[in-house]
1. Cα to Cα, under 18 Å, and not fewer than 8 places away if on the same chain: which aspartates and glutamates meet these conditions relative to Lys51?
2. Would you list, by chain and number, the aspartates and glutamates whose Cα falls below 16 Å from the Cα of Lys278, excluding same-chain residues fewer than 8 positions away?
3. Run the dipole for the range 8-123 about the Cα centre, Lys and Arg Cβ at +1, Asp and Glu Cβ at -1, nothing else charged, and hand back the magnitude in debye, nearest 20.
4. Return the distance in nm (one decimal) between the two label points of a simple spin-label model at Asp244 and Asn354, each offset 7 Å from Cα along Cα→Cβ.
5. Return the distance in nm (one decimal) between the two label points of a simple spin-label model at Ala267 and Ala64, each offset 7 Å from Cα along Cα→Cβ.
6. Projected onto the charge dipole of the range 8-123 (+1 at Lys/Arg Cβ, -1 at Asp/Glu Cβ, origin at the Cα centre), which of Leu27, Thr117, Val71 gives the Cα projection farthest towards the positive end?
7. For Phe259, Phe299, Phe109, what ranking results if the residue with the fewest other Cβ atoms within 10 Å of its Cβ goes first?
8. How do Met290, Met302 line up, fewest other C-beta atoms within 10 Å first?
Amino acid sequence: MSPVAAPIPLLLVADSAETCERIASALLSAPTFYRVERVTSAELNQKTPSKEIRLALVDQGLRAARQAQVVERLATAGVAAVALVDARDVQALQEVVLAGAAALVATPFVDTQLWETVGRVLLSDSGPALPPILSQGGRKRDQSGLIVALYGPKSGSGASVIAANLAVTLQERAPRGAVLIEVGEGAGSQAVLLNLRAERTLGDLLARFDPEDTEFLAEVLATHESGLRVLLAPPSQGLCLPPDLLDEIIDLLQKMFDFVVIDLHTAAKTNTIAVMRKAHAALVLIVPEMTSLHYGQLFIEMITATLPEVGLNVILNRSTLPAGVPAEAIRKHLKMKIAHEIPDDQALVTASVNRGVPFVISHWRSAPARAIHKLADDLAPAKAEDKAGGLASLVKGSGPRARLMGRGRHT
């Protein structure tokens, strides 16, 4: 007969008897046996948690102390705090994250959500090793092109804008050039961002794709004035790209270009895992807002659980956003280094999008453009002469600049 595992002690800080009963009921359905010690916020003010307590659940409706204060006190004592917060209460969400909450559980919760979060925090209580800056995934790099995937877990993270600017920057550094692909289940935005005419798109390629026909693939690719080639998403909303076919397309493009930059749409559910598994550098775009941080954490946890070999890199977009969550608080909450920060300049980005000219071309000395170049340096270090000229030459004089304001062409 197998010995019965000793129960894991948990601290529950709650003033509501109803909340205590709800949490106790949820933990009874967990595969792990927990022993819950309940204290009210007033009682916690009078004593310190016992040394055997590694994790505490902290309810939002406390009377004798603010939830964030309790979370901070527990964190100082070395106890990981899981905060139960109304997902609609943005201020409370921000406060507990800044206070050092190990995880969040949105209320009202379902049983599995609660005990899976508890189990995950206990497993990572010592904190996972921080990945190196721009760590590359489990795939070994050969002589084929480097695959860079960008994904924004929440719509509006700016992943497509960053993908366009990064791809244009890498194009300048690649002897065989770079290609940008839009992967999603709806219409893309790169045609607008790069001012390209979508004469042929991914839909045309799927209609007669042949892995041996590189000439047709080249015909489908749009050409930006920088030389960047782009595989545009179709304007229709109904295209669903099979992962195995996407895999073949990426393999073919790898043989043709030095860099394959993938703009992975938030809604690209069927291809997210496939692309992340294939990428050499997987970049997760997060903005310093609570909803973005919440969805970012869920995505990182999902990828870490299903693809532990993938080295995710957090890119903090709009890092200087007024009243945004500080970078250090984001790093502590995600338990990951922030690989790169891209400063906020909404006026510049809006003008860039409206004109269809990447800001690394139109405003190559701006803070966001310099941040993109630093990101590109981790992927393909630029020569000194490239930094001095390169993309800047495209905006000098009326000729090249006028061409950038026109439509893209196909070759």
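1. Straight-line reach from Lys51, under 18 Å: Glu37, Glu43, Glu72, Asp125.
2. Within reach: Asp142, Glu182, Asp244, Asp247, Glu248, Asp251, Asp258, Asp263, Glu309.
3. Result for the range 8-123 is approximately 300 debye, rounded to the nearest 20.
4. The modelled label-to-label distance comes out at 4.8 nm.
5. For the pair Ala267/Ala64, the computed spacing is 5.1 nm.
6. Result: Val71.
7. Lowest to highest Cβ neighbour count: Phe109, Phe299, Phe259.
8. Met302, Met290
We did not get these values from a lab; they are worked out from the coordinates using the rules stated. No experiment lies behind these values; they were computed from the predicted model shown. Cβ sites come from the backbone with ideal geometry, for glycine too, and all protein chains shown count toward neighbours.
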